[in-house]
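**Student:** Attaching a single structure in C-alpha cells format; questions to follow.
What follows draws every value from the coordinates through simple rules; no lab data is involved. These figures come from a predicted structure and were not determined experimentally. Cβ coordinates were reconstructed from backbone atoms using ideal geometry, including for glycine residues, and neighbour counts include every protein chain displayed.
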Amino acid sequence: MKETNAQHIISLFEQWAPKSLAVDGDPVGLQVGTLNKKVTKILVTLDVNLDTVEEAITNGCELIIAHHPPIFRGLKNMRTDLPQGILIEKLIKHDIAVYAAHTNLDIAKGGVNDLLASALHLENIEILEQTFSEQLMKLAVFTPKESTAAVRAALSTAGAGKIGDYDSCSFTTRGEGRFKPLEEATPYIGQANELSVVEEDKVEVVFPVSMKNKILKALLTTHPYEEPAYDLVLLEAEVNIKGLGRIGILPEKQILGDYAHLVKQQLNVPFVRVVGDLTKKVRKVAVLGGDGNKYIQIAKRAGADVFITGDLYFHVAQDAEAIGLSVIDPGHHVEQIMKTGVAEYMTKVCVENKLAVEFIPSKISTEPFQLI
Ligand SMILES: [Zn+2]
C-alpha cells in the first residue's frame with residue numbers, strides 16, 4: 001500500500017463522477033482547503049455541519065467528501081461570528097479540505113439515484129431525464145498492410161472501438177493505395193515523382209467525439225507515413241448518455257400502500273408521505289433523490305405509476321394527484337445512502353490502486369426534522 005494525496009484521490013473519484021456532469025451553476029469541486037496534501041482518512045457525509053466537522057477531527061480525517069456543497073451561494077463575507085464562517089474557520093484551523101460532489105454524483109452511474117433505485121428493488125433501471133450525451137465519431141485510416149496491426153493496437157489502447165460491453169472493435173478491408181511523392185517529400189515508401197501502388201488496409205473504428213484528440217495522437221505517432229490519409233466522420237449515434245433520476249420496474253405489481261411501507265423500511269426513515277390511492281397497483285417506479293418537485297410531469301410522461309422524491313410541496317402534490325401520478329416522499333435526507341455508497345466504491349478503487357487511504361461513512365444524521 002502506497003501513501004497518497006488528496007489530488008490523486010479526487011482524480012480517481014472524478015473518473016467516476018466528473019464535474020462536467022453537474023448541472024449548470026452547481027458549485028461542485030473543492031470548496032475549502034487544498035488538495036495538495038497527503039491523505040490517510042476521508043470522511044464521506046451528506047452535509048457539512050459542526051457535528052460532521054467534529055467527527056472528521058475526531059477520526060483524524062484530512063478531507064471531507066460531501067454531497068451537499070457547504071458553500072452553495074456566493075459568500076458575501078467570511079465572518080467568524082456567523083454559522084457559515086464558524087464552520088469554515090474550524091475546517092481551516094484543522095486543515096480539513098472539503099470537496100463537494102452534488103448533481104454530478106446524482107447523475108453518475110452507480111451514484112445517488114442508482115443507489116436509491118437498487119435499494120427500492122427496481123429492475124431494468126433507465127435514466128429519467130437525460131442531461132448529457134455525446135456524439136460518436138468514426139475514423140477510417142489507410143495503412144500499409146505491414147503496419148495495420150500496430151495502428152489497430154494503438155487505436156484500441158487509446159480507447160477507440162468501445163461498443164457497449166465490447167472493446168477493441170474495428171473493421172479492416174484490403175485495397176490498393178496510390179500516391180506520388182513530390183520533390184519535398186520524405187516518403188516511407190516510393191520515390192519522388194513516381195507513382196506508387198501499395199497494398200493498404202482501411203481500418204475503421206468509432207469513439208466518442210471527446211476522445212478525438214487522443215485518438216488522432218495515437219494514430220499519428222504510430223502510422224509510418226509522412227502524411228497519413230484518414231477520414232473523420234461525425235455519426236448520429238449518441239453515447240455516454242447520462243442524466244438525473246432513474247425509472248425502473250418492480251419484480252411484480254404491488255399495491256401502493258405496501259410499496260410505501262417497503263420504501264420506508266428500505267430507506268430507513270420513520271415515515272413517508274404518500275399521494276394517491278393506497279390500494280392502486282404499481283409497478284413502474286421513478287425515483288429522484290433530493291428535491292424532485294420539478295420532475296412530476298417528466299415522471300408521468302415516462303410512464304411511472306409512482307414517483308419517489310423528497311421535499312414535495314403542497315401544490316405539487318395536488319398537481320400529481322390531478323394527473324394520476326402517485327408520489328411517495330421519504331424526505332430529502334434519504335440521500336444519505338451516498339455515505340456508504342461512495343465509501344464502498346472509493347475503497348474498492350483505492351484497494352485496486354494499492355493506495356493507503358480509509359473512507360469513513362459519517363455516522364451523524366443531518367436530518368433537521370424530528371417527529372413529535
Ligand atoms: Zn440533496
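**Student:** For region 185-220 and region 1-39, what is the separation of their Cα centres, given in Å?
**Tutor:** When both Cα centres are located, 38 Å separates them.
**Student:** What ranking of Tyr230, Tyr166, Tyr295 emerges when the number of other C-beta atoms within 10 Å of each C-beta is taken as an exposure proxy, fewest first?
**Tutor:** Tyr166, Tyr230, Tyr295
**Student:** Right, another one. Would you kindly state how much longer the chain becomes between Lys41 and Thr157 on full extension, computed as 0.36 nm times their sequence separation minus their alpha carbon distance, in nm to one decimal?
**Tutor:** Values: separation 116, 0.36 × 116 = 41.76 nm, distance 3.38 nm.
Full extension of this stretch gives 38.4 nm more.
**Student:** In debye, nearest 20, what is the charge dipole magnitude of the chain about its Cα centre with +1 on Lys and Arg Cβ and -1 on Asp and Glu Cβ, if you could check?
**Tutor:** Its charge dipole is roughly 520 debye.
**Student:** Here is a follow-up. My understanding is that a pair violates if its Cα-Cα distance is over 18 Å; which of Lys138/Lys202; Lys76/Lys294; Lys19/Lys109; Lys339/Lys363 do that in this structure?
**Tutor:** Check vs 18 Å cut-off fails for Lys76/Lys294.
**Student:** Something else: Express in nm, to one decimal, how much length is gained between Asn124 and Glu176 on full extension, taking 0.36 nm for each residue of separation and deducting their alpha carbon distance.
**Tutor:** Details: separation 52, 0.36 × 52 = 18.72 nm, distance 4.78 nm.
Difference between extended and current length: 13.9 nm.
**Student:** Within region 228-248, what residues put their amide N at less than 20 Å from the label point 7 Å along the Cα-to-Cβ vector of Asp24?
**Tutor:** The answer is 242-245.
**Student:** Let me ask something else about it. Give me, ordered by chain and number, the residues 5 or more places off Gly292 or on other chains with an amide H under 5 Å from its own placed amide H.
**Tutor:** Distant-sequence amide H within range of Gly292: Gly310.
**Student:** Follow-up. With θ taken as phi - 60° and the coefficients 6.51, -1.76 and 1.60, list the Karplus ³J(HN,Hα) couplings across region 35-47 in order, rounded to whole Hz; mark glycine and proline as x.
**Tutor:** In residue order, the calculated couplings are 9, 8, 7, 5, 10, 10, 9, 10, 8, 10, 9, 6, 10 Hz.
**Student:** Could I ask something else about it? Between Gln7 and Asp165, what is the spin-label point distance in nm, taking each point 7 Å from the Cα along the Cα→C-beta axis?
**Tutor:** 3.9 nm
**Student:** Nearest-5 percent of antiparallel DSSP beta bridges in the chain?
**Tutor:** 70 percent
**Student:** Give a quick list of trypsin sites (Lys or Arg not before Pro) in region 296-372 that DSSP marks as loop, anything other than H, G, I, E or B, with at most 15 other Cβ atoms within 10 Å.
**Tutor:** Working: sites: Lys300, Arg301, Lys339, Lys348, Lys354, Lys363; in loops: Lys354, Lys363.
Those that pass, being in a loop and sparsely packed, are Lys354, Lys363.
**Student:** What does the charge count around Asn113 come to, taking other residues whose C-beta lies under 14 Å from its C-beta (Lys +1, Arg +1, Asp -1, Glu -1)?
**Tutor:** -3
**Student:** Let me ask something else. Counting Lys and Arg as +1 and Asp and Glu as -1, what is the net charge of the other residues whose Cβ lies under 12 Å from the Cβ of Gln191? Walk me through the numbers on the way to the answer.
**Tutor:** Values: positive: Lys180; negative: Glu183, Glu194.
Taking every Cβ under 12 Å from that of Gln191, the sum is -1.
**Student:** Compute the relative contact order of the chain as a whole-number percentage, counting only Cα pairs closer than 8 Å that sit 6 or more residues apart in sequence. All intermediate terms of the calculation are to be shown ahead of the outcome.
**Tutor:** Details: 743 pairs, mean separation 75.6, N = 372.
Value for the chain: 20 percent.
**Student:** Just in region 116-200: which trypsin sites (Lys or Arg not before Pro) are loop by DSSP and have at most 11 other Cβ atoms within 10 Å?
**Tutor:** Taking region 116-200 and a limit of 11 other Cβ atoms within 10 Å, no loop trypsin sites (Lys or Arg not before Pro) are found.
**Student:** List every residue whose amide H lies under 5 Å from the amide H of Leu30, counting only residues 5 or more places away in sequence or on a different chain, with H placed 1.01 Å from N in the peptide plane.
**Tutor:** Ala100
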